[in-house]
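The values are calculated or read from the model by the stated rules, or taken from the named source; none is laboratory data. Just so it is clear, the model here is predicted, and its values are computed rather than measured. As a convention, Cβ positions derive from the backbone with ideal geometry for all residues, glycine included, and neighbour counts pool all protein chains shown. The protein model used for the area step is the full one, side chains on, heavy atoms only, and it has no ligands, DNA or RNA in it. Shrake-Rupley method; radii C 1.70, N 1.55, O 1.52, S 1.80 Å.
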Amino acid sequence: MRKSEALAHESVACLNRALGQLRDIWEEIGIPEDQRLQRTEVVRKHVQGLLDMMIAEEESLKERLLRSIATCRKELASLCGELQLPPFEEDEESTILQLEKDLRTRVEVLLKQKRERKQELRALQEREQDLCDLLCTAPYCGSVSSVPSLEELDRFRCHLAALEAEKEHRRAEFLSTKEQIILCMGELEHTPDTSFERDVVCEDEDAFCLSKENLAALKNLQQQLESRRAQNEAACEELRTRIQTLWDRLQVPLEEREVFAPYMVGSRTATMTTLQLEVDRLEKLKLQNLRNVLEGVRAELADYWDRCFYSMEQRQAFGPYYAEVFTEQLLQQHDDELAQIKRYYKAHQELFEAVHKWEENWHLFQELERKATDPSRFTNRGGNLLKEEKLRAKVQKTLQKLEEELKSQVKRWEEKHVQDFRVNGQPFVAYVAEQWHLYHLEKEREKQERQLKKSRQTEEEMMYGSTPSKRRVLGITTPGRVKKVNVTTSTPNSTIRSVLGGSVFHSPASHPPRSAGKPARTPSRAVPKPPRQGRLEHNKENLTQLNGTALSARTFKGFQI
């Protein structure tokens, strides 16, 4: 049994006890029966009225709870729709009071969420408005209801994050550009003269509108200032180059150059003015020393002619180079020609340097070839002969590789410029081929000279024996008739004594020469004898050894003659 039911039974019992006590009192008093009925009726009506009033109050409470439930249901439906939430699920087993409490609590929660969302939306919109005013952009164009959903708030937050990032990016760009503008204005000694320039340089950084138009105008201002600075730098650099050239031509002392050194950097207006004054001063000195200046320009021009492999015809084509009347116009012609050939050399510097490298290796190769034909190199000690052979092989390989690379480079150059690449007036390939041709002619000439020398030596040996020098000495002493003297002809290691005052010192050898018992003949009467077979074979071997050091023409197939 419930406590409420037990309490109801107790209330009934209490009422019965009260009625019983009333009957006892009435009995003691002696109240008649009819009055007892009246009094009992009054008690009943009183109790009935109290109970009816209580029942009415409870019924009123029930009606209020039902009305509250209906209202909460309606509000919940509306809030769930505004907040884009699923409908509230009621507990079917809950009582009216519990249902009303649950619905009322849920309504309060949703109302709080609604207020919070609206407050957050308002704050986001205010922040967005500030950013849009700063960046000069349109507000968020996405549809946002009066009560935003969680997804809408997330999108709005992402939108604000993007605006914040854009703001930081533009601010960093603004600060960087502003710094460069201030630097350029300082170097140009430029004072802000427009409202925009004053806004950029003088106003507060946070007050500057970071719109795309303003940033574009800022970039444009920076480019204009940098262009002016670049023009000043180019002008100053040109003036410095001119000053350096004039210093070199006029042979200005180093002490005077060091005094002017602080003005050789920077591009401020004062610096450029000082540089121009120095150029004007040097130009006046140049006119006063025109001959020396022209000779310096001609020396530099000849150096660039050498670098560009100009032929004599190309050099003679510049007639002012050979003029003897020195005028300012003649100097200007030389300056123009020098500037032109400098541009030409710079445009094709890589190719010219490659040709110079080939020539250096070519001269080194020729020098090593000359050393290879020198018989005295076999007497060197310390491994020099081996080092020379290794170096010669390395240079030979390098020279071949350079020729192949140069042929490819020259071919591409000629295809691009539709003309021959000339070295000393010849196409490069013909120039290299001519060098090899001259090299082989020289080798052939040396070979013929060696053969001729060997042939003469062989004839002399045939005529005078193995020691023709001694016989020449004796023949000169007595051109008509030669006395019989004991001169010993020994092996090549025997000692020959000098002839002094007509007497001959004899060799310590014990055997007399074959001609000891016969009168010697003068060279004019000597009859040549045919050479012996053994000596001829020995000469062939010597020729073969001398010719073996020459480089075969097949080594460089690209330029074989």
Applying the selection to the range 12-61, what residues are of a type in the set (S, T, N, Q), open to solvent by 70 Å² or more (accessible area, probe 1.4 Å) and within 30 Å of Leu97 (Cβ to Cβ)? Gln48
Considering only the range 237-288, how many residues are aromatic (Phe, Trp, Tyr) and open to solvent by less than 80 Å² (accessible area, probe 1.4 Å)? 2
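Any chance you could count how many residues in the range 200-210 are assigned to a helix (DSSP H, G or I) and either open to solvent by 70 Å² or more (accessible area, probe 1.4 Å) or modelled with pLDDT of 80 or more (or both)?
2
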Subset tally (residues that are open to solvent by less than 70 Å² (accessible area, probe 1.4 Å) and part of a helix (DSSP H, G or I)) for the range 140-159: 4
Which number in (1) out of contact with any helix residue (DSSP H, G or I) (no Cβ under 8 Å at 6 or more places or on another chain); (2) part of a loop (DSSP other than H, G, I, E, B) marks the one condition that Pro87 misses? (1)
Run Lys219 past the list (1) in contact (Cβ under 8 Å) with a residue 40 or more places away in the chain; (2) over 30 Å from Tyr263 (Cα atoms); (3) over 27 Å from the mean Cα position of the chain (by Cα) and report the number of the one that doesn't hold. (3)
Scan the range 181-194 and tell me whether some residue there is open to solvent by 60 Å² or more (accessible area, probe 1.4 Å), β-branched (Val, Ile, Thr) and at pLDDT 85 or above. yes
Considering residues of the range 81-105 that are more than 20 Å from Pro148 (Cβ to Cβ) and touching a residue at least 24 places away in the same chain (Cβ under 8 Å) only, the residue surrounded by the most Cβ atoms within 10 Å (Cβ to Cβ): Leu103
Hey, Leu221 in contact with a Phe, Trp or Tyr (Cβ under 9 Å, 6 or more places away or on another chain), within 30 Å of Thr137 (Cβ to Cβ) and open to solvent by less than 30 Å² (accessible area, probe 1.4 Å) or not: yes
Among the residues in the range 213-228, are any touching a His at 6+ places or on another chain (Cβ under 9 Å) and either part of a helix (DSSP H, G or I) or aliphatic (A, V, I, L, M) (or both)? yes
Considering only residues of the range 318-338 that are over 42 Å from the mean Cα position of the chain (by Cα) and among the aliphatic types (A, V, I, L, M), which is surrounded by the most Cβ atoms within 10 Å (Cβ to Cβ)? Leu330
If we keep only residues of the range 300-317 that are of a type in the set (A, V, I, L, M) and over 19 Å from Thr245 (Cβ atoms), then the residue most open to solvent (accessible area, probe 1.4 Å) is Met312
If Ala8 satisfies every condition in (1) touching a residue at least 12 places away in the same chain (Cβ under 8 Å); (2) open to solvent by less than 90 Å² (accessible area, probe 1.4 Å); (3) closer than 21 Å to Leu97 by Cβ but one, which is the exception? (1)
Yes or no: Thr137 in contact with a helix residue (DSSP H, G or I) (Cβ under 9 Å, 6 or more places away or on another chain), under 20 Å from Gln222 (Cα atoms) and surrounded by fewer than 17 Cβ atoms within 10 Å (Cβ to Cβ)? no
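In the range 391-443, how many are assigned to a helix (DSSP H, G or I) and under 37 Å from the mean Cα position of the chain (by Cα)?
The number of residues fulfilling the criteria is 28.
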Filtering the range 78-107 down to residues that are at pLDDT 90 or above and either more than 22 Å from Glu58 (Cα to Cα) or within 60 Å of the chain's Cα centre (by Cα) (or both) yields Thr105, Arg106, Val107
Pick out the one residue from Arg122, Arg115, Arg67 that is modelled with pLDDT under 90, part of a helix (DSSP H, G or I), open to solvent by 90 Å² or more (accessible area, probe 1.4 Å) and not small (Gly, Ala, Ser). Arg122
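Listed here are the residues, each with its yes/no results for (1) at pLDDT below 90; (2) outside any helix (DSSP H, G or I).
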position	(1), (2)
Glu5	yes, no
Cys14	no, no
Ile31	yes, yes
Leu50	no, no
Glu59	no, no
